[in-house]
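Read-outs throughout are calculated quantities, based only on the coordinates presented, and are distinct from any laboratory measurement. All figures in this text were calculated on a predicted structure; none of them were measured in a lab. Note that we place each Cβ from the backbone using ideal geometry, even for glycine, and neighbour counts take in every protein chain shown.
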Amino acid sequence: MLVRVIGAGVAGLCAADALARKGVDVELVERAAAPGLGCSRFAGGMIAPWCELESAEPLIAELGEEALDFWSREFGVAVVAGSLVVAPARERAELSDFARRTRRFEALDASGIAALEPDLAGRFDAALFFPGEAHLDPRAALVALTERLAQRPNVTLHFQQDAAKLATHPDWTVDCRGFAARDALPGLRGVKGEMLILRSEEISLARPVRMLHPRRPVYVVPRGDGLFMVGATMIENEERARVTARSVVELVNSAFAVHPAFAEAEIVETGSDVRPAFADNLPRLSKRGRTLYINGLYRHGFLLAPALARRAAEVVVNDGYFPEVMDVDSDQRAIARSARDHVANAAARTGV
């Protein structure tokens, strides 16, 4: 069996890897000159399934737990140092709400924060620590995954190629084009994300720090060698490459609120791209004949790609079916989400 995977972002690379493990022949096709030059390049790289419960469906955490095994243990490119969630003193209600919606965390006071992240001593008086979560450098992870694929005898890599012009005739096509697949997936929308990479030798962090704020939430992810990724905006438009001055100012101001040293940091890079999402912000495996679309990963690319890829390989090779991600009706999901929120809110009011 020959399977053609279109797109070499994190979803396409993971799909190619999962299929190759099944023993089928895989042809990975990418129009760009190298892998990971789309929105995967600008990802935060946080493997944080339980933090994401604050705004995401339980399905995201369930699928995301698989990513911890894939990146940390099996693939060896993630740092399991946990995630730290903080809020300014005047926004303690935001932290309480975050705690109510998430799980698998430890509540910290000022001394606990200082013990975990000494450079944040005295900056915050309360935090939530998620010890089982991890983070990675997305670009390094994409390179490592591509190198492993290149070593597999049943994988062929095609860069700067148009899949339609290849002479081979695959038995299956797995479409991982992200937002570019909107021609085939009319419900797909784009959500723009902007980020900064800063360099500062005045601060050291061992793990991602999320700062909660009703208008300017931010996360700061250490990348080593004094580099920090600061992100990310979520703007409902489909404009890919332009980073606005407003966003730069807001991201820098938010990073400054985490630690004043960021005000003097060097801006090494800015970046922007469009994340693919459906109306409910949940992922889909959409089967159309002998084409399978992996899409709608929203801002959870590195968190969800391994789980979606494993399921996609089962669909292609063993005719698997996974109702949680395969063309589930968004209205049904919305009804289920509303019901869960109602139960959670009632429990919060009664103290259950």
>> Test of understanding: in a Gaussian network model of the chain with alpha carbons linked when under 10 Å, which of Glu269, Glu250, Glu314 would top the mean-square fluctuation ranking?
In response: Glu269
>> Give me the dipole magnitude in Debye, nearest 20, for the chain about the Cα centre, with unit charges on the beta carbon: positive for Lys and Arg, negative for Asp and Glu.
In response: 560 debye
> So, with +1 on the Cβ of K and R and -1 on the Cβ of D and E, and no other charges, what is the size of the charge dipole of segment 50-155 about its Cα centre, to the nearest 20 debye?
Replying inline: 140 debye
>> Taking the number of other C-beta atoms within 10 Å as the exposure measure, put Val24, Val86, Val209 in order starting with the fewest.
In response: Val24, Val86, Val209
>> As I understand it, the value is the acute angle between the Cα axis of helix 245-258 and the longest principal axis of the Cα atoms of the chain; what does it come to in degrees, rounded to 10?
In response: 50 degrees
>> Please give the Cα centre distance for segment 231-264 versus segment 44-89, rounded to the nearest Å.
In response: 22 Å
> Does segment 122-213 classify as rounded, prolate or oblate by the C-alpha gyration tensor (a ≥ b ≥ c root eigenvalues; a/c under 1.5 gives rounded; else a/b over b/c gives prolate, otherwise oblate)?
Replying inline: prolate
>> Taking the 0 to 90 degree range and rounding to the nearest ten, how far is the long axis of helix 10-21 tilted relative to the main principal axis of the chain, both from C-alpha atoms?
In response: 50 degrees
>> Test of understanding: express the Cα radius of gyration of segment 166-282 as a ratio to 2.2 N^0.38 Å, with N the residue count.
In response: 1.31
> Which shape class, rounded, prolate or oblate, goes with segment 2-148 when its Cα gyration tensor gives a ≥ b ≥ c as root eigenvalues, a/c under 1.5 marks rounded, and past that a/b bigger than b/c marks prolate?
Replying inline: prolate
> Listing Asp119, Asp137 from the residue with the fewest other Cβ atoms within 10 Å to the one with the most, what is the order?
Replying inline: Asp119, Asp137
> Considering only DSSP beta bridges with both partners in the chain, what is the antiparallel share in %, to the nearest 5?
Replying inline: 70 percent
> Taking only the alpha carbons of segment 216-314, what extent do you get along each of the three principal axes, in Å, biggest first?
Replying inline: 54, 29, 21
> What is the local net charge at Glu264, summed over the other residues whose Cβ is closer than 12 Å to its Cβ (Lys, Arg +1; Asp, Glu -1)?
Replying inline: -2
> Any idea how far apart Leu166 and Ala99 come out in nm if each label point goes 7 Å out from Cα toward Cβ?
Replying inline: 5.2 nm
> To the nearest 10 degrees, how steep is helix 330-350 against the longest Cα principal axis of the chain, on a 0 to 90 scale?
Replying inline: 20 degrees
>> Which one, Ser200, Ala107, Leu95, is farthest towards the positive end of the dipole of the chain when Lys and Arg carry +1 and Asp and Glu -1 on their Cβ?
In response: Leu95
>> Which residue fluctuates most in the GNM of the chain (Cα springs below 10 Å): Gly38, Gly320, Gly193?
In response: Gly320
